[in-house]
Structures are given as structure tokens and as C-alpha cells.
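Novice: Input: one structure, supplied below.
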Amino acid sequence: MKIASRKASVTKIRQPRLQRGMSSGEWQARVELAAAYRLTAMMGWTDMLGTHISCRVPDTEDQFLINPYGLLFDEMTASALIKCDIDGRKLSESPYEINEAGFTIHSAVHMGAPDAHAVMHCHTQYGVAVSAQKDGLLPLTQMALTALNLVRYHDFEGVAQDLDERERLVEDLGDGGMLILRNHGTLTVGASVGEMFARMYRLERACKFQITAMTGGAELNRIPQEIIDHTLEQGRQIYSKGGRGEGGNLMWAALLRKLDREDPGYAV
């Protein structure tokens, strides 16, 4: 009953906000993306005005939504998001511009990975710490092992303003859903905003557990390779099609209910 009432109340909020020429699909995408920004702030994953989350505008191949450069994540609303094309040209009105480095990273993934509907890039304390370690994410915990089959790496090339870097970013992401940008941060993609966010949660927690364990002073308990291989396969089953964690759907629905209770202003 609570979920049904949530859907009804959100519909009342969303529908009047449709702007001329905006489809209901675009508005729904705006609401979900704004929710991701607010939840990122709630999780403490922000970097002031830095980092970005984007998603494709439904039924388009060359348009996506991204944050205006100047708003904090906890200020984000559906109507404030900027629609732009693949060349970074604004397609919706906003007093703000788009961050150049953010556009380079996100446009690369959207252009090169057709199944990456949503893209999230973070500079968290633990994610950046692991990105600065030579061996990257280690198979030390259950959280890491259920994520590792999706983790890929991209070497640091400076602030991401060079459009030539886009090809290398996409090549390094390959068939993964999580990318550790060495000496920089983390990135996740998903077929939906919910899947993208759930993947970032798993990656961030795995990084936090690793840094905490390594700084605790005690000798690390290494897992035998046969158990590593077994758990990697379990992770594939849990989060693939038909698994209980498929697409992050259950987590995302629960997070939206939490946001509606605690910070409902995103959906305007």
C-alpha cells in the first residue's frame, strides 16, 4: 500500500512540471536522475561542484541529461537538469553551463557504450584511495568479490578535458559496469539509473572495506583462489538477469521511498 501511494503522489507532482515539447519519458528520466543526485548527497559521496551523473533522454541516441555546473547535489531538481547533445551543446535553458571535464567522461561512455543508459562518476574518499593503489580493488571481502567481475581500469591522463581520451575510456570500460579511474575516482554505468546507483554503492562499499582493513594494522586474511572463483560466479548469478539483485531494482525502489520521506523536493 505504501508503494502504491507513493506512485500516486509522485504522479501528481511530476505531471504539471512537463514543459512544452518535453515527453513524459524525459520528465520521468529527469526525476530519477535528480533523485540520484539527492541520494548521492545523502550518502556523502559528493565533491562540492565536482563529479557528475547523467542519463540518456529516452527514445534518443544523442541527447542526455547532466547537472548544471554551479548547483550542489542536494539542490538538484528534475527541472534544473540540463539537456545537451553529444557535442555538449545545451538543448534546454539554464543559467548554468556544463562542466567540460564531466562532459568529456560522460559523452565518451554514452557514445561508445549503447547499453549505458546512465553514468555516474565519483571522487569519494575510499574510491579515490583505492584508485591510487597499484593493485586496485583486491579480493578481500564479499562485497569486493561480488563486484570484481564488473571492474575495469583506466589510467590517469590528467584532468579529463581532452576529447581524444574518450576513445580510451570506452575501450577500457569494455564489457564492465564499474570503472576505476586510476589516481582519480570511480565510475559506474547501468541500463537504468537504479542499476547505475546500485553498482556505485557496491563499489564504494568494497573500497571502504579495503581501506579500513588495510589501515587497521592487523594481517589481512587472504581468501583461497578456489573460493574467490566461486564467489565471483555467485556475484554474476545474483546480479545478472533473473538474480535477486538484477538491475538494482529493489534497492532503487526502497531508496526512492526513503527520499520521498526525507527529501521530496527533487521531483519538481
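The values are calculated or read from the model by the stated rules, or taken from the named source; none is laboratory data. Please read these numbers as outputs of a predicted model, since none were measured by experiment. In this analysis, Cβ positions are derived from the backbone assuming ideal geometry, glycine residues included, and neighbour counts consider all displayed protein chains. All accessible areas refer to the heavy atoms of the entire protein, side chains included, with ligands and DNA or RNA removed. Shrake-Rupley method; radii C 1.70, N 1.55, O 1.52, S 1.80 Å.
Novice: Would you pick out the residues in region 226-243 that are closer than 18 Å to LEU203 by Cα and free of Cβ contacts under 8 Å to residues at least 60 places away in the same chain?
Specialist: Hits for region 226-243 are GLU233, GLN237, SER240.
Novice: Residue by residue through region 238-248, note down the ones that are loosely packed, with under 14 Cβ neighbours inside 10 Å and in a helix (DSSP H, G or I).
Specialist: ILE238
Novice: Using the structure shown, decide if LEU169 is outside any loop (DSSP other than H, G, I, E, B), under 23 Å from LEU250 (Cβ atoms), open to solvent by less than 30 Å² (accessible area, probe 1.4 Å) and aliphatic (A, V, I, L, M).
Specialist: Considered against the rule, which asks whether it is outside any loop (DSSP other than H, G, I, E, B), under 23 Å from LEU250 (Cβ atoms), open to solvent by less than 30 Å² (accessible area, probe 1.4 Å) and aliphatic (A, V, I, L, M), LEU169 comes out as no.
Novice: Which of the following residues is modelled with pLDDT of 95 or more, over 15 Å from VAL119 (Cα atoms) and either within 14 Å of the chain's Cα centre (by Cα) or surrounded by 12 or more Cβ atoms within 10 Å (Cβ to Cβ) (or both): ALA29, ALA35, ALA41?
Specialist: ALA41 is the lone residue from the list that is modelled with pLDDT of 95 or more, over 15 Å from VAL119 (Cα atoms) and either within 14 Å of the chain's Cα centre (by Cα) or surrounded by 12 or more Cβ atoms within 10 Å (Cβ to Cβ) (or both).
Novice: If I go through region 45-84 residue by residue, how many of them are among the acidic types (Asp, Glu) and over 16 Å from the mean Cα position of the chain (by Cα)?
Specialist: 4
Novice: Return only the number of the condition from (1) closer than 25 Å to HIS110 by Cβ; (2) open to solvent by less than 10 Å² (accessible area, probe 1.4 Å) that LEU145 does not satisfy.
Specialist: So LEU145 meets the others, but not (1).
Novice: Tally up the residues in region 191-212 that are closer than 15 Å to LEU150 by Cβ and assigned to a helix (DSSP H, G or I), please.
Specialist: Number satisfying all stated conditions: 13.
Novice: Out of the residues in region 149-159 that are out of contact with any strand residue (DSSP E or B) (no Cβ under 7 Å at 6 or more places or on another chain) and open to solvent by less than 40 Å² (accessible area, probe 1.4 Å), state the one that is nearest to GLU100 (Cα to Cα).
Specialist: GLY158
Novice: Next question. Report yes if CYS122 is touching a helix residue (DSSP H, G or I) at 6+ places or on another chain (Cβ under 9 Å), open to solvent by less than 60 Å² (accessible area, probe 1.4 Å), at negative phi and without any contact (Cβ under 8 Å) to a residue 40 or more places away in the chain, otherwise no.
Specialist: No.
Every residue, every condition in (1) among the β-branched types (Val, Ile, Thr); (2) in a loop (DSSP other than H, G, I, E, B); (3) buried (at least 20 other Cβ atoms within 10 Å of the Cβ), yes or no:
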| position | (1), (2), (3) |
| --- | --- |
| ALA129 | no, no, no |
| LYS134 | no, yes, no |
| GLN161 | no, yes, no |
| VAL189 | yes, no, yes |
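Novice: Let me ask you something else. Quickly run through region 213-234 and pick out the residues that are in a helix (DSSP H, G or I) and either of a type in the set (D, E, K, R) or in contact with a Pro (Cβ under 6 Å, 6 or more places away or on another chain) (or both).
Specialist: Correct list: GLU226, ILE228, ASP229, GLU233.
Novice: Of all residues in region 85-124, count the ones that are under 15 Å from the mean Cα position of the chain (by Cα) and of a type in the set (Val, Ile, Thr).
Specialist: 4
Novice: Which pairs have Cβ atoms under 8 Å, sit 6 or more apart or on different chains, and link a residue in region 244-268 that is free of Cβ contacts under 8 Å to residues at least 60 places away in the same chain to one that is assigned to a helix (DSSP H, G or I) and surrounded by fewer than 16 Cβ atoms within 10 Å (Cβ to Cβ)?
Specialist: Listed pairs, sorted by first residue: ARG244/ILE238; ARG244/LEU250; GLY245/ILE238.
Novice: Which of the residues that make up region 67-108 are modelled with pLDDT of 90 or more, touching a helix residue (DSSP H, G or I) at 6+ places or on another chain (Cβ under 6 Å) and among the hydrophobic types (A, V, I, L, M, F, W, C)?
Specialist: Selection gives PHE73, MET76, ALA78, LEU81.
Novice: Another one. Identify, by number, the condition in (1) without any contact (Cβ under 8 Å) to a residue 60 or more places away in the chain; (2) under 17 Å from the mean Cα position of the chain (by Cα); (3) open to solvent by 40 Å² or more (accessible area, probe 1.4 Å) that ARG205 doesn't meet.
Specialist: ARG205 satisfies every listed condition except (1).
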